[in-house]
Amino acid sequence: MIGTLCFDYRVQYALGITDFEKERICVNTVSNFRGRLYEYSTTHGIDLLEEEVLALTGVLTTLAGMDTSLARQDSFMISANCKKMGRLELIYTTNANMVKQLAKVDEALIPESCRHYLNNDKNDHIYRLKKEEVAGKLKHLLTESLQLNEAVPESLQVSQAYLNLIRMLADQTTQTETGILPKENNEFSASSLQNPSEPEATFRKKGEKQYTGYVVNTVEARDEEKALSMIIHHEQKPNTLTSAVKQTKKQP
């Protein structure tokens, strides 16, 4: 985007920039703007950028005199920004995030068995394991997850770290009369937690490809007489959801 601002005169013209030496836009300008949009969306549940795009689309279709009664719907996958995690790394990271939250309140809340997370010892618990040690380590980390769950005070039960912890436990384990058992790899739901840093991302396998992220559904209007087409609506959803609408035509 910054490159386009610097070298595409059409973008500069659209933004009203007449003297780029004096009206410079830096990376922080864009990232701070995105941050404010995200904060407003999470606080009020309103996507201001989406509303603006739809409003501009309405103006453009009216200005062009487009007939938007004929439209088709399509979708495409977009990848999440988060790292793809293995099972052990996912559990370890979820536990570690919860320990950090507890440490901010009072380190005395952290169970003794979970204090090693304060030392960031991920390599010792994940990457230096032998194949035959994986199953035992999986049970060990999940046991620590349970201990953390019991240690979390009510004041932290609204935190994202805690919500990720209880979701991960539900995804990864099966409750039995004697306790919990790790699920088999083929028992996971596509909506299970993929990475604590991006809890909205979901998993989907389409054809031979695997996707972690989202699906974007778009509606494109086509005016055959004017030979014009325009995206008049879009929405981002978990990639586990698909729309049944492929083509729509309004009745006159």
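The values are calculated or read from the model by the stated rules, or taken from the named source; none is laboratory data. Only a predicted model underlies this, so the values are computations on that prediction, with no experimental measurement involved. FYI the Cβ positions are ideal-geometry reconstructions off the backbone, even for glycines, and counts take in every protein chain you see.
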Legend entry - Residues of segment 164-189 satisfying the condition of being in contact (Cβ under 8 Å) with a residue 24 or more places away in the chain and not in a helix (DSSP H, G or I): Thr173, Ile180, Pro182
Legend entry - Pick from segment 59-89, criterion part of a helix (DSSP H, G or I), touching a residue at least 12 places away in the same chain (Cβ under 8 Å) and not basic (Lys, Arg), ranking: nearest to His140 (Cα to Cα): Leu88
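Rundown of residues vs (1) at pLDDT below 90; (2) assigned to a helix (DSSP H, G or I); (3) exposed (fewer than 14 other Cβ atoms within 10 Å of the Cβ), yes/no style:
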position: Leu118; (1), (2), (3): no, yes, no
position: Glu132; (1), (2), (3): yes, yes, yes
position: Tyr162; (1), (2), (3): no, yes, no
position: Ser191; (1), (2), (3): yes, no, no
position: Ser197; (1), (2), (3): yes, no, no
position: Phe203; (1), (2), (3): yes, no, no
Legend entry - Single residue of segment 205-229 satisfying the filter (assigned to a loop (DSSP other than H, G, I, E, B) and touching a residue at least 12 places away in the same chain (Cβ under 8 Å)) that is surrounded by the most Cβ atoms within 10 Å (Cβ to Cβ): Lys226
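Does Ser41 qualify as being among the hydroxyl-bearing types (Ser, Thr, Tyr), closer than 23 Å to His234 by Cα and at pLDDT below 85?
For Ser41, the condition - among the hydroxyl-bearing types (Ser, Thr, Tyr), closer than 23 Å to His234 by Cα and at pLDDT below 85 - is not met.
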Inset, instruction - Note down all Cβ pairs under 8 Å where the first residue falls in segment 137-149 and is on the phi < 0 side of the Ramachandran plot, the second is assigned to a helix (DSSP H, G or I) and basic (Lys, Arg), and they're at least six residues apart or on different chains. - result: Leu138/Arg87
Inset, instruction - Quick one: which residue in Met85, Met77, Met66 is within 30 Å of Glu132 (Cα to Cα), surrounded by 12 or more Cβ atoms within 10 Å (Cβ to Cβ) and among the hydrophobic types (A, V, I, L, M, F, W, C)? - result: Met85
